[in-house]
1. Grab the eigenvalues of the alpha-carbon gyration tensor for region 39-83, scale each by 5, take roots, and send me the semi-axes largest first in whole angstrom.
2. Which residues make up the longest stretch of the chain that has no GluC sites (Glu not before Pro) in a DSSP loop with at most 10 other Cβ atoms within 10 Å?
3. If you take the alpha carbon radius of gyration of region 51-166 and divide it by 2.2 N^0.38 Å, what ratio comes out, to two decimals?
4. Let me see the P(r) profile for region 164-258: every Cα-Cα distance counted, bins of 5 Å, each bin given as a percent of all pairs.
5. How would region 80-225 be classified by its alpha-carbon gyration tensor: rounded, prolate or oblate, with rounded meaning a/c under 1.5 and the a/b versus b/c comparison settling the rest?
6. Let me understand the chain better: what is its radius of gyration from the alpha carbons, and its Dmax, in angstrom?
Amino acid sequence: MRDIFEEIHANLAKYDPVERAKELSRRELPKRFYDTASSAPAEGGHAVLLDGRAVKTPGRKPLLLPDARLAAAVAAEWHAQEKVINPGIMPLTRIANAAIDAVGDRFAEVADEIARYAGNDALCYRASEPERLTERQRQIWDPLLAAAEAELAGRFRLSGGIMHVAQDESLVAAFRKALDGFSALELAALHTVTTVTGSAVIALLLARRNHAAADLWAAAHVDEDWNAELWGEDAEARRIRAYKKTEFDAAALILGHG
């Protein structure tokens, strides 16, 4: 997916959480300049405070969260910084910044991007063999697609292998319409989940809160877990997955989980 969120602050061609972390790690990180991080009610929401002063986004707008719970969680990210401030390990702050600086003004563009992803959803691409893997995909993915289909009043088409399968335009349009019901912050979280899982369906179901976040995270890794069972877990793959999990968990918190 295109880096809609980061275009304002960085000239990156693609948005990928791991690559974004690498990009941030190459920069000279600013030193921690504050003693305390807290949150408090403010006009328009809840502010994050550093030594009593309100934090602003990279676009110089007030960093406001819609409720005290999220504001406290963002403040906790700032509190956890030690000698330097590392945005690569502050997913809630980055998602909130993106929502305020970019998504609010470009909501339709972001929603269109997510809806297009639904037309090529990872859950629709199935292995042709071995049978144990295909059965695992059916057992885990079919109920998720069915839940989305019930809301969207349509059916997803499946593909065996990696051959592209076009989804019905009315289904994608229904998915796009559903996105209009979210706030800019929620849409930013949906974009994050879609990116790290490869599935806009998983993102939508996470937002609906009828499935446990842990179950949806596991569903996004059926193929990866299968390969790990066969060949063992790769250290780099484990590192990347752990990083993506922090992004997923931050988005899940924004969408009302945990």
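1. Calculated on Cα positions only, the semi-axes equal 16, 13, 9 Å.
2. The segment 83-258 is the longest one with no such site.
3. On the way: Rg = 20.4 Å, N = 116, 2.2 N^0.38 = 13.4 Å.
Output field value: 1.52.
4. Distribution as computed: 2, 12, 22, 22, 17, 13, 8, 4, 1 percent.
5. oblate
6. In order Rg, Dmax, the Cα atoms of the chain give 19.0, 59 Å.
Read-outs: derived from the displayed coordinates by stated rules, not from any lab. Model, not experiment: these values are computed from the prediction. No Cβ is skipped: glycine too gets one built from the backbone with ideal geometry, and neighbour counts run over all protein chains shown.
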